Amino acid sequence: MRSRSAILFCCLAVALSQAQSTKPQSATLSEKLIGAWQLVSVETIRPSGEVIYPYYGKLPEGLLIYDRSGWMSVQIVSDPKPDIPNSDSRAAILAATPEQKASALEGYYAYFGTWTVDPSGPTVTHHLKQSLYPGERGEDFVRQVPFDGDRLTLIAKVHETGEDHQRRLVWQHVLQPQ
């Protein structure tokens, strides 16, 4: 009788463990990040709590992409959008005046590289391979990653304009084309 009870107990334990392992689990941080994200806002929060917009303005546009193989890229266009040099030709842009080129550069930001997550943080680290700003190449940008539904906020602690502050970039998940 004891051996039958032990066998029955073992079978029940195995069945329960298999049933629990097939329950849907919440997505991992990496799985949540994969895809395309459209920029909603960029805010810089000063130590006093004041929100400022020193680089991208109040209504920038951008796209952030994390892929399954571990690559990522980001592009941001400031508000107001650069409008000079106004050409669809690379040759015309290269021939633009230094002032026109500076205006275009000041209104655009981009980099790409690989990414890793630390779920205990939770943080994502962007390992920059290339950047519009040469000094950032090879850098690691660590970002806190709170989610709110289909919105992702990347939070960075930075030292700029002579002070420590926090930058918050809010991204909306872009649905895949049908």
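For this structure, a couple of remarks:
Each row is one residue, and each column tells you yes or no for (1) in contact (Cβ under 8 Å) with a residue 40 or more places away in the chain; (2) assigned to a strand (DSSP E or B); (3) within 20 Å of PRO60 (Cβ to Cβ); (4) polar (S, T, N, Q).
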residue	(1), (2), (3), (4)
ALA96	no, no, no, no
ALA102	no, no, yes, no
THR125	no, yes, no, yes
GLN130	no, yes, no, yes
ARG167	yes, yes, yes, no
GLN172	yes, yes, yes, yes
LEU175	no, no, no, no
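- Test for ILE65: is it β-branched (Val, Ile, Thr), free of Cβ contacts under 8 Å to residues at least 12 places away in the same chain and farther than 27 Å from ARG46 by Cα: no
- Residue within segment 86-100 that is more than 24 Å from VAL142 (Cα to Cα), at pLDDT 85 or above and within 25 Å of the chain's Cα centre (by Cα) present: no
- Applying the criterion of being at positive phi and of a type outside the set (Val, Ile, Thr) to the residues of segment 129-178, the residue that is farthest from the chain's Cα centre (by Cα) is GLY162.
- Qualifying residue in segment 105-114 (condition: modelled with pLDDT under 90, assigned to a helix (DSSP H, G or I) and surrounded by 12 or more Cβ atoms within 10 Å (Cβ to Cβ)): yes
- Residue, farthest from VAL42 (Cα to Cα), within segment 132-165, restricted to residues that are among the β-branched types (Val, Ile, Thr) and assigned to a loop (DSSP other than H, G, I, E, B): THR161
The values are calculated or read from the model by the stated rules, or taken from the named source; none is laboratory data. In this text the structure is predicted, and so the values were computed from the model without any measurement. When we count neighbours, we look across all protein chains shown, and the Cβ atoms used for this are built from the backbone with ideal geometry, even at glycine.
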